[in-house]
Amino acid sequence: MVRTDSDGITVLGLDGEIDHQSVGGLTRALSVADAPEGHRVVIDLTQVTFMDSSGVNALIAAYQSALAAQGWLRLVVARGAVLRTLQLVGLDAVVPCHPTLEGALATTRPDA
């Protein structure tokens with residue numbers, strides 16, 4: 001996991017698999033306990049090859065936390081099994097998904 005912070009936006013770049021054994025690191029990275037109000041997060045999943053329900057649950061919790069803190073969460077996912085997983089559970093209809101990191105960062109509306 002690579003974390004960068006720029007202009008008030010935290011970008012988490014993930015790779016590999018997100019499953020019950022690895023989700024702890026993601027959960028800790030997404031914790032907004034110390035995050036300021038209005039915290040904005042982009043999670044780049046383009047290098048993730050597999051995600052099970054543990055990863056989906058972590059993303060849902062992160063989305064809910066971001067909303068509660070009057071911030072937002074966006075996902076970068078271009079294709080493949082991870083996108084299909086998000087589509088199957090309907091998360092792509094709730095959390096804004098973008099095919100590129102540049103697109104996720106360029107969008108000015110919080111719900112886009």
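Here the chain is treated as an ellipsoid with the same Cα gyration tensor; its semi-axes, largest first and in whole Å, are 19, 16, 13. Note on segment 61-108: Rg/Rh from C-alpha atoms, Kirkwood Rh, equals 0.98. Residues with beta-carbon under 10 Å from that of Val48, excluding Val48: net charge, scoring Lys, Arg +1 and Asp, Glu -1? Counting the neighbours of Val48, the net charge comes to -3.
The mean sequence separation of alpha-carbon pairs under 8 Å and at least six residues apart, normalised by the residue count of segment 13-112, gives a relative contact order of 29 percent. Could you check how much of the accessible area of the chain is carbon and sulfur, as a whole percent, using a 1.4 Å probe? C and S fraction of accessible area: 51 percent. The simple spin-label model puts a point 7 Å past each Cα toward its Cβ; for Leu88 and Leu67 those points are separated by 2.4 nm. Looking at segment 7-112, the accessible area is 53 square angstrom per residue; that uses a 1.4 Å probe and ignores ligands, DNA and RNA.
The slack between Glu102 and Asp5, meaning 0.36 nm per residue of separation minus the straight C-alpha distance, is 33.5 nm.
The values are calculated or read from the model by the stated rules, or taken from the named source; none is laboratory data. The structure presented is a predicted model; accordingly, all values stated were derived computationally and were not measured. Don't worry about glycine lacking a Cβ; one is built from the backbone with ideal geometry, like all the others, and counts go over all protein chains shown. Surface accessibility is based on the protein's heavy atoms, side chains included, excluding ligands, DNA and RNA. Shrake-Rupley method; radii C 1.70, N 1.55, O 1.52, S 1.80 Å.
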